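Visitor: After the structure tokens below, expect a handful of questions from me.
FYI, it's all coordinate maths here, none of it is from the lab. All values reported here derive from a predicted model rather than from experimental measurement. When we count neighbours, we look across all protein chains shown, and the Cβ atoms used for this are built from the backbone with ideal geometry, even at glycine.
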Amino acid sequence: MSPVKPRPVIGEIFPYKPGKPIGEVQREYGLEEVIQLASNENRLGPSPKALEAIRENLDEICLYPEGSGYYLVQALAEKHGLSFDQIILGNGANDVIELITKTFVHPGENVIYGFPSFIMFEIAVKMVDGEWRRVPLKEYRFDLPAMADAVDEKTKVVFIANPNNPTGTIVTKDELDAFLDKCHDGVLVVLDEAYFDFVTDPDYPNGVEYLKADKPVMVIRSFSKNYGLAGLRLGWGAAHPETISHIQRIRQPFNCNRLAQVAGVAALGDEEHLVRSREMVEEGREYLYGEFERLGLEYVTSHANFILVNFGTDIGPLYEKLLERGIVVRPMAPWGYPESARVTVGTMEENETFVKILEEELHTP
């Protein structure tokens, strides 16, 4: 019997490949201790309040979660000054990205994004037979003037990752204002702000404020980074109520699980943990900048919890050497940077261990 043939576009999609997980590295290399610096998780861990909320609700996992995510949506609305009907929850931010393209992009219409950036932008467009338009980054940053030039009458969505993954760079408020002025009606500008909490630059535009000013934007954020809940897969989007209403029609009924919802509410209320997490990243970034400079390595100044580092040679052999010693970083060859790796900022102990092992491997013939 011949297998069922997929749609032609499926052959053009290469599955998203996450950073190598700790358990896999332990099994492959026979290691007990592994430092995971590949996936931009919060190395401080989750909020203690979130953990307590999970424990208190374990007996209820036999029950379906509230489909609307009422208490979490309400908490998000209150925190950000939005209305309940402006917010939608997702099984991670990537779920919200997929919902956007499924809702608004017809076959043959196009979506614009900078490249390299979050690979799920492209996968989500291919899934709906849309046209994906990559606009190359300029000096590691989104080139908004070039992206504006790429917009035409068939453009439905523009994705702007701010800060961008994997470069850690941002677009400024003035740049975003100029871009929005050039966009015609009918284009939804999606601001992926998964790393919002780590930005301190005063010129950084807060997407929620644009939404309040009735700009044609949608904002996506995540609980996977500063909130430390990556394993629960929890993201959310905010937009005009009519936009959210359209997306709600195709959202899976229970796309945000019960434990994620209660943990999200608790994490939102733990400001102390958020501050500690930000401070850990800020301190770690400065430490790693200094060490990379000492080792003669080029890097991109980051506004996120990771740093893109150029090692001046094919990253493959060094990546393997680091794996053998229990250090996991993210090779950037698939993103067009064959000599670079993305390094998550860890705890200070993890950062120091990484630098020590990195220096030894760099000096080993």
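Visitor: Determine the percent antiparallel among the DSSP beta bridges restricted to the chain, to the nearest 5.
Guide: Bridges in the chain that DSSP calls antiparallel: roughly 50 percent.
Visitor: State to the nearest 20 debye the size of the charge dipole of the stretch 197-275 about its Cα centre, where the only charges are +1 on K and R beta carbons and -1 on D and E beta carbons.
Guide: Here the size comes out at about 560 debye.
Visitor: Could you sort the peptides 100-110, 285-295, 155-165 by per-residue average Cβ neighbour count (10 Å cutoff), highest mean leading?
Guide: 155-165, 100-110, 285-295
Visitor: Rounded, prolate or oblate: which fits the stretch 172-270 when a ≥ b ≥ c are the square roots of the eigenvalues of the alpha-carbon gyration tensor, with rounded for a/c under 1.5 and prolate only if a/b beats b/c? Please report the intermediate quantities before stating the final value.
Guide: Numbers: a/c = 2.79, a/b = 1.35, b/c = 2.06.
Note, shape of the stretch 172-270 comes out oblate.
Visitor: For a test of the definition: using alpha carbon positions, the gyration tensor, and the 1.5 limit on a/c, classify the stretch 72-175 as rounded, prolate or oblate.
Guide: Details: a/c = 1.87, a/b = 1.27, b/c = 1.47.
Note, shape of the stretch 72-175 comes out oblate.
Visitor: What is the spin-label model distance, in nm, from residue 276 to residue 203 if the labels are put 7 Å beyond Cα along the C-beta direction?
Guide: Modelled inter-label distance: 3.5 nm.
Visitor: Give me the dipole magnitude in Debye, nearest 20, for the chain about the Cα centre, with unit charges on the beta carbon: positive for Lys and Arg, negative for Asp and Glu.
Guide: 1120
Visitor: Something else: Which residues in the stretch 333-352 place their backbone N less than 13 Å from a point set 7 Å from the Cα of residue 283 along the Cα-to-Cβ direction?
Guide: 346-352
Visitor: Oh, and also: Checking the table 17/212; 156/212; 173/225; 102/173; 17/102; 173/215 against a 25 Å threshold on Cα-Cα, which pairs fail?
Guide: 17/212; 102/173
Visitor: Would you work out the charge dipole size for the stretch 56-270 about its Cα centre, treating the Cβ of every Lys and Arg as +1 and the Cβ of every Asp and Glu as -1, and quote it to the nearest 20 debye?
Guide: On the way: 19 positive and 31 negative charges, 85 e Å.
Charge dipole, the stretch 56-270, about its Cα centre: 400 debye, nearest 20.
Visitor: Moving on to the next point. Binning at 20 Å from 0, report for the chain what percent of all alpha-carbon pair distances ends up in each bin.
Guide: All Cα pairs, binned at 20 Å, distribute as 28, 58, 14, 0 percent.
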